[in-house]
Amino acid sequence: MPPIQRLRTCSRPLSTLFTTGYRSVVANTTQPCSSSQPFSRAIIHHHLFSSKSAQTPVTNNYSTIKQQVHSLFQSVTLFLPRVVAFCGTIHVTTEYGFNTVSCEGPSMEPTIIDGSFTCVLIDKFSHRIFGLENNNDDDEHDSHDCSPTECCSDEQEFSNNDDNTTWLSLLKGVWEQHFASGLQRGDVIILHHPSKEATICKRIIGMPGDTIIRTDGGSRESNHRVKVSPGHLWIEGDNTLQSHDSRAYGDVPASLIIGKVVCRLWPLRDYASLGLDANGMEHWQRVRGRIGRGERPLPLKRNDGFEGSHVLKERNC
């Protein structure tokens, strides 16, 4: 075939494809044609209908995205209920079961030492289930006018004997105080402050109906005696010289109570200073981690005074 005729044969499909707008075909036909490789109808048909093949990746991408969204939705439906159940369990446990509270200040020394970043565990269900209980039956052996020093001496003896208790008796005491009884005298509690936005840690001294004898003064008209109102509690700190408690703002409603203190979680071991001896050496005493029910302990330093109140108990005749 002459060169002119061969060029004419190759130019016919080029003009046709250029008018249809398929640039890919034009780009593929920029190479010179030869007689051995002429354009065929199959090649032209392939380039003319190449738009269908260009649409297939879009369809595949859409199906892939749809599958990914579907798998993500399945994962969310499986994961979301578990998250809700976990958050609900944490909320119910901390609101109605157990919780931790950080205590600061010297008002509860030597039970809780100031400056040691003490964290205590409290139960928030026993006082809601059992309410307020008067432990008069437990005090039959002590049914007389008990002075603060006598009560504290009994507690000091109890504290020394408690160091030799076994795990079984310890668990029994926890069960009886926090799972089988409500609020009683001697419980250490966490409650809202009656006059400001704060929480305080105090010990229950008087129950509703008890007569409190104030050794730090009080009203002479009432002979330094105060009767606890129904539904209220008389609370004081163990460190009576540095405690702002019911002696300042009176008895408090029981509805302000958050929970009863179970034990100290942190620090694992805590020590209280006993002061300096004659040789100028400071002595320390280990503080128990279990914060149980009982009377206030004696001040560790003998020079410290005591100004706490106590409950008037009638003598059995």
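Which ³J(HN,Hα) values in Hz, rounded to whole numbers, follow from the phi angles of the stretch 112-126 under the Karplus curve 6.51 cos²θ - 1.76 cosθ + 1.60, where θ = phi - 60° and Gly and Pro get x?
Working through the residues one at a time gives 10, 7, 6, x, 9, 6, 6, 10, 10, 9, 10, 9, 10, 10, 5 Hz.
Calculate the FRET efficiency for Trp167 and Ala198 from the Cβ-Cβ distance with a Förster distance of 25 Å, rounded to the nearest 0.05.
Details: r = 36 Å, r/R0 = 1.44.
Efficiency for this residue pair is about 0.10.
First select every other residue whose beta carbon is under 15 angstrom from the beta carbon of Tyr96; then total the charges, Lys and Arg +1, Asp and Glu -1. Write down the numbers at each step before the final one.
Working: positive: Lys124, Arg128, Lys260; negative: Glu95, Asp123.
Net local charge, Tyr96 excluded: +1.
Sorted by average packing, counted as other Cβ atoms within 10 angstrom per residue and highest first, what order do 187-199, 224-236 take?
Highest mean packing first, the order is 224-236, 187-199.
Could you pull out every residue, at least 5 positions away or on a different chain, whose amide H is within less than 5 Å of the one on Lys202? Hs are placed 1.01 Å off N in the peptide plane, and Pro or chain starts have none.
Residues meeting the amide H criterion: Ile189, Leu191.
What FRET efficiency comes out for Asn279 versus Cys87 if R0 is 41 angstrom and r is the Cβ-Cβ distance? Round to the nearest 0.05.
According to the calculation, E is roughly 0.10.
List the residues, sorted by chain then number, that are 5 or more residues from Asn239 or on another chain and whose placed amide H is less than 5 Å from its amide H.
For Asn239, whose amide H was placed from the backbone, the distant partners under 5 Å are Met108, Glu109.
Quick one: pull the percent of accessible area on the stretch 73-121 belonging to carbon and sulfur, 1.4 Å probe, ligands and nucleic acids left out.
About 70 percent, which is the carbon plus sulfur part of the accessible surface.
Within 10 Å, count the other beta carbons around each residue, average over each peptide in 258-264, 284-290, 71-77, and list them highest first.
Those peptides, ordered most packed to least, come out 258-264, 284-290, 71-77.
Give me, ordered by chain and number, the residues 5 or more places off Thr215 or on other chains with an amide H under 5 Å from its own placed amide H.
Amide H to amide H, under 5 Å and 5 or more residues apart or across chains, Thr215 pairs with Ser309, His310.
Find how much the distance from Gln68 to Leu241 grows on full extension, using 0.36 nm per residue of separation minus their present alpha carbon separation; answer in nm with one decimal.
Result: 55.4 nm gained on full extension.
The values are calculated or read from the model by the stated rules, or taken from the named source; none is laboratory data. What you see is a predicted model, and the numbers here were worked out from it, not measured in a lab. All Cβ positions, glycine included, derive from the backbone under ideal geometry; neighbour counts span all protein chains shown. Heads up: the accessible areas ignore ligands, DNA and RNA and are worked out on the full protein's heavy atoms, side chains in. Shrake-Rupley method; radii C 1.70, N 1.55, O 1.52, S 1.80 Å.
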